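The values are calculated or read from the model by the stated rules, or taken from the named source; none is laboratory data. Keep in mind that this is a model prediction, so the values were computed, not measured. Backbone-built Cβ (ideal geometry, glycine too); neighbour counts: all protein chains shown. Surface areas here come from the heavy atoms of the whole protein model, side chains and all, with no ligands, DNA or RNA. Shrake-Rupley method; radii C 1.70, N 1.55, O 1.52, S 1.80 Å.
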Amino acid sequence: MTTKEDYFRQRNASLKNENRIVAAKREIDTIKFILKEFFNFEISSGMKVLDLGSGDKFLKDEFEDRGIKYKDYDINDINFDIDKFNDNENEFDLVVSLAVLEHLENPNFFLSECKRVLKNDSCLYLSTPNWKYSKNTFWNDPTHVKPYTEASLKNILLSEGFRDVEILPNLRCKPRWWYEGRFRFFKAYYLLPFKGNAKFVPNFLKGKSSGLFAIGKKTNK
């Protein structure tokens, strides 16, 4: 077992102490909201989603309960830096990749594979730390290899042919205005004093974010 595999095995084991059912519902509700609000893209029953870096597969049951066909790869299944996905071109309606990109030496290859397996006019949805607000802690994770800023993340998606790219603060289940505007990342980090898993704190004070969501569309236009 490699250092990276051992690290993620321990991390996944630690997640058993969290309420993963609630976390999954919150994550997928956020994905649906952002795709609808910013891309007019509806996730609906019968669609196919590919979850890359699935960890403990906490999204699986929630997606399937909503009638969505789920497939995943994690570090034990595939080397995202060099291995092609065992899927056909134009197979998935949505590719989700949470907290994977910062671990990759070859992110361009990974993104090209994401684009290959997406159907036309479908979306890639990923998250990664925001270097501007995480630089003091980013290297605490020994498996991190590449940080991203708002600009660099947008540019790498554009370079791989994604269109209509949006970079947003990785807030969960917040009203649209939190995700908009010149100061959206500042708001997400400084105006919310507590993280989303804080106990005994009102929801309107929770959700502090030091990360990024990136959404890009595969289109032949």
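For this structure, a couple of remarks:
- Set of aspartates and glutamates near Lys25 by C-alpha distance (under 14 Å), chain-local residues within fewer than 8 positions excluded: Asp61, Glu62, Glu64, Asp65
- Charge tally in the Cβ shell below 11 Å around Pro129, where Lys, Arg are +1 and Asp, Glu are -1, Pro129 excluded: +1
- Under 5 Å, built H, 5+ apart or other chain: amide partners of Gly211: Asn130, Asn170
- Protein-only accessible surface order, largest first, of Trp139, Trp178, Trp131 at 1.4 Å: Trp139, Trp131, Trp178
- Between the C-alpha center of the stretch 75-124 and that of the stretch 125-163 there is a gap of 16 Å.
- Two-decimal Rg/Rh across the chain, once Rg and the Kirkwood Rh are taken from alpha-carbon atoms: 0.93
- Taking only protein heavy atoms and a 1.4 Å probe, the accessible area of the stretch 125-164 is 49% carbon and sulfur.
- Residue-by-residue Karplus 3J(HN,Hα) for the stretch 131-140, coefficients 6.51, -1.76, 1.60, Hz, glycine and proline x: 3, 4, 10, 10, 4, 7, 10, 3, 7, 5
- Cβ charges +1 (Lys, Arg) and -1 (Asp, Glu), total dipole of the chain, debye: 1000 debye
- Beta-bridge orientation, the chain: approximately 45 percent antiparallel, per DSSP, counting only bridges with both partners inside.
- The chain - mean residue ellipticity at 222 nm from DSSP helices (-39,500 (n - 2.57) per run, n ≥ 4, rounded to 500): -9500 deg cm²/dmol
- Prolate/oblate/rounded call for the stretch 67-165, Cα gyration tensor, a/c under 1.5 rounded: prolate
- Equivalent-ellipsoid semi-axes of the stretch 59-115, from the Cα gyration tensor, Å, largest first: 21, 13, 10
- Take the chain with all the other protein chains still there, run a 1.4 Å probe, and you get 52 Å² of accessible area per residue.
- Segment Leu158-Arg176, extension gain: residue separation times 0.36 nm, minus the distance between their alpha carbons: 4.1 nm
- Cα gyration tensor shape for the stretch 134-180, rounded if a/c is under 1.5, else prolate or oblate: oblate
- Approximate spin-label separation Asn79-Asn108, in nm, with each point projected 7 Å along Cα-to-Cβ: 1.9 nm
- Placed amide H near Ser97: partners under 5 Å, 5+ positions off or other chain: Leu52, Tyr125, Leu126, Ser127
- Counting protein heavy atoms only, the stretch 53-114 has 40 percent of its accessible area on carbon and sulfur, 1.4 angstrom probe.
- Which of Phe183, Pro142, Ile78, positive extreme of dipole for the chain (C-beta unit charges): Phe183
- Most mobile listed residue (Arg182, Arg116, Arg163) in the chain, GNM with C-alpha springs under 10 Å: Arg182
- Shown in residue order for the stretch 54-64 are the 3J(HN,Hα) couplings computed by the Karplus curve 6.51 cos²θ - 1.76 cosθ + 1.60 at θ = phi - 60°: 6, x, 8, 6, 5, 7, 4, 5, 5, 4, 5 Hz (x for Gly and Pro).
- A simple spin-label model places pseudo-atoms 7 Å from Cα toward Cβ; at Asp61 and Asn120 they are separated by 3.9 nm.
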